[in-house]
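Participant: Encoded as C-alpha cells, here's the structure I'll be asking about.
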Amino acid sequence: MERPELPLQQLHAFVVLAEELHFGHAAARLGIAQPPLSQQIRRLEDKVGHALFSREPGRVALTPAGRELLPAARRALTGLADGLTAARAVGSGRAGRLRIGFAASLALTVLPGLLRGFRHRFPDVDLDIQEMTSAPQIAALHDRTIDIGLLREPPTDETELGFRTVLSEPFVAVLPSTHPLAAQRAVRIGQLADSPFVLLPRAVGPQLYDQITGLCTAAGFTPRIAQHAVEWQTVCALVETGLGVSLAPASIRRIRLKGVAFRGVKPDTARTRVAVAWRKYDRNPLVGHLLATVSQDPPGLSRPAP
C-alpha cells in the first residue's frame with residue numbers, strides 16, 4: 001500500500017484553517033499572507049483528490065472529506081511534536097533508559113544512595129537495574145547490554161572501560177558465632193589458617209578473590225576452600241551452618257544473621273574498593289549524568305558501613 005506524501009506544512013495550514021474557518025484569520029495565525037495559505041490548501045486538496053473546504057462568499061466550511069481528514073491531521077501533528085520533545089529530552093539526557101549492573105552486596109551500601117541522587121536529578125529517566133557479579137558486568141559492558149557497572153575490584157588491564165572508585169573499605173573475618181575466635185574483637189588473619197573457607201568463585205570476581213587469597217598467603221598459609229558461593233549473602237549463610245569461615249568486605253556486616261559473627265582483622269591495612277564502570281567512548285548523555293552524580297557524592301554513597 002502506497003503511503004500518501006502530505007507535507008507537514010500543508011497539514012498545519014489545513015488544521016489552522018479548519019479551526020478558524022476564515023482565510024484571513026488563519027493566515028494571520030500562521031504568520032503568512034492569505035495567497036500562500038490558499039496555495040497550500042489547494043496543493044493539499046490536489047493530493048487528497050477532493051475539496052477539503054467549501055468556499056462561499058463570507059463563509060468557509062469543512063467538506064465531508066475535510067471533516068474526515070481533520071482528526072488524522074491533528075494526530076500526525078501532535079505525534080510529531082511529541083516525538084520531537086521526546087527526542088530532545090533523550091538527546092539532552094533528561095529522559096531515556098539507563099541500564100545499570102550491580103553486585104548484590106552493594107544493594108546494602110552504595111546502590112541506594114547512588115540511585116536516590118540520580119533519580120532526584122533526573123526523575124524522567126527509566127532505570128533498568130540488573131543484579132550481576134563483577135566479571136559478568138565487565139562482559140556486559142563490552143557487549144553493550146548494560147551502560148553502567150557497579151562492581152568490586154575492577155580489573156587493571158582494561159583499555160576500553162573507565163573506572164571511578166566510590167567506596168574503599170577494610171576486610172572483616174566472617175565466623176560462625178560458635179567459633180572460638182568469635183570471642184575476640186579482632187583476629188589475626190593467620191589465626192584462620194586451620195579453618196576451612198567459604199569464598200566466592202574466582203570466575204565471578206577474579207581481583208577480589210586474588211586479594212583475599214593473597215591476604216592469607218601473606219599471613220603464611222593457603223586457604224583450604226571447602227565451599228564456593230556466588231553471593232555474599234550465601235557465603236554468610238554457609239558460614240552460619242558451620243561449613244567454614246571467610247574474609248569479606250566490611251560492608252557485608254549489614255547482612256544480619258544470628259549465627260554469624262563479623263570481626264575486624266589484623267593487619268587492617270588492606271582495602272577493597274567499589275567502583276563505577278563505563279565504556280570510555282560511550283556518547284550516551286545519561287552515562288555522563290550518572291558519573292556526575294557519583295562526583296557530587298549523594299548521602300551515603302562513599303561512607304563505609306558501620
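All of the numbers you see were taken from the coordinates with simple rules; none came from a lab. Quick caveat: nothing in here was measured; it's all calculated off a predicted structure. For neighbour counting, all protein chains shown are included, and Cβ atoms are generated from backbone atoms with ideal geometry for every residue, glycine included.
Participant: If amide hydrogens are placed 1.01 Å from N in the peptide plane, which non-local residues have theirs closer than 5 Å to the one on L247?
Facilitator: V174
Participant: Can you tell me the dipole magnitude for region 8-92 around its Cα centre, using point charges on the Cβ only (Lys, Arg +1; Asp, Glu -1), in Debye to the nearest 20?
Facilitator: 80 debye
Participant: Quick one: 3J(HN,Hα) in Hz for region 112-125, Karplus 6.51/-1.76/1.60 with θ = phi - 60°, rounded, Gly and Pro as x.
Facilitator: x, x, 5, 5, 4, x, 5, 5, 5, 7, 9, x, 8, 8
Participant: OK, next. Explain nothing, just compute: Karplus ³J(HN,Hα) = 6.51 cos²θ - 1.76 cosθ + 1.60, θ = phi - 60°, for every residue of region 218-233 in order, whole Hz, x for Gly and Pro.
Facilitator: 5, 8, x, 8, 9, x, 8, 8, 8, 7, 9, 8, 6, 10, 5, 4
Participant: Restricting to Cα pairs below 8 Å that are 6+ residues apart, what does the relative contact order work out to for region 157-299? Please round to a whole percent. Please list the in-between numbers first.
Facilitator: Working: 230 pairs, mean separation 61.3, N = 143.
Normalised by residue count, the contact order of region 157-299 is 43 percent.
Participant: I'd like the distance separating the alpha-carbon centroids of region 21-42 and region 127-175, in whole Å.
Facilitator: Going from one Cα centre to the other spans 60 Å.
Participant: Under a 10 Å cutoff between Cα atoms, tell me which one of Q211, Q34, Q296 has the largest fluctuation in the Gaussian network model of the chain.
Facilitator: Result for the chain, Cα springs under 10 Å: Q34 fluctuates most.
Participant: Next up: Return the calculated 222 nm mean residue ellipticity for the chain, to the nearest 500 deg cm²/dmol, obtained by summing -39500 (n - 2.57) across DSSP H runs with n ≥ 4 and dividing by the residue count. It would help to have the intermediate numbers written out before the result.
Facilitator: On the way: 9 runs with 120 residues, N = 306.
It comes out at -12500 deg cm²/dmol, rounded to the nearest 500.
Participant: Pick out, from A277, P64, T178, the residue whose Cα sits farthest towards the positive end of the charge dipole of the chain, with +1 on the Cβ of Lys and Arg and -1 on the Cβ of Asp and Glu.
Facilitator: Ranked along the dipole, the leading option is T178.
Participant: Tell me the angle of helix 134-143 to the major Cα principal axis of the chain, expressed in degrees between 0 and 90 and rounded to the nearest ten.
Facilitator: Approximately 30 degrees, to the nearest 10.
Participant: Net charge near F171: determine it from the other residues with C-beta under 10 Å of the C-beta of F171, scoring Lys and Arg +1 and Asp and Glu -1. Let's see the in-between values first.
Facilitator: Details: positive: R271; negative: E169, D268.
Here the count lands on -1.
Participant: List every residue whose amide H lies under 5 Å from the amide H of S177, counting only residues 5 or more places away in sequence or on a different chain, with H placed 1.01 Å from N in the peptide plane.
Facilitator: V260, A261
Participant: Relative contact order for the chain: what percent, with Cα pairs under 8 Å and sequence separation of 6 or more?
Facilitator: 22 percent
Participant: Return T109, T156, T63 ranked ascending by Cβ neighbour count within 10 Å, so the fewest neighbours appear first.
Facilitator: The most exposed by this proxy come first: T156, T63, T109.
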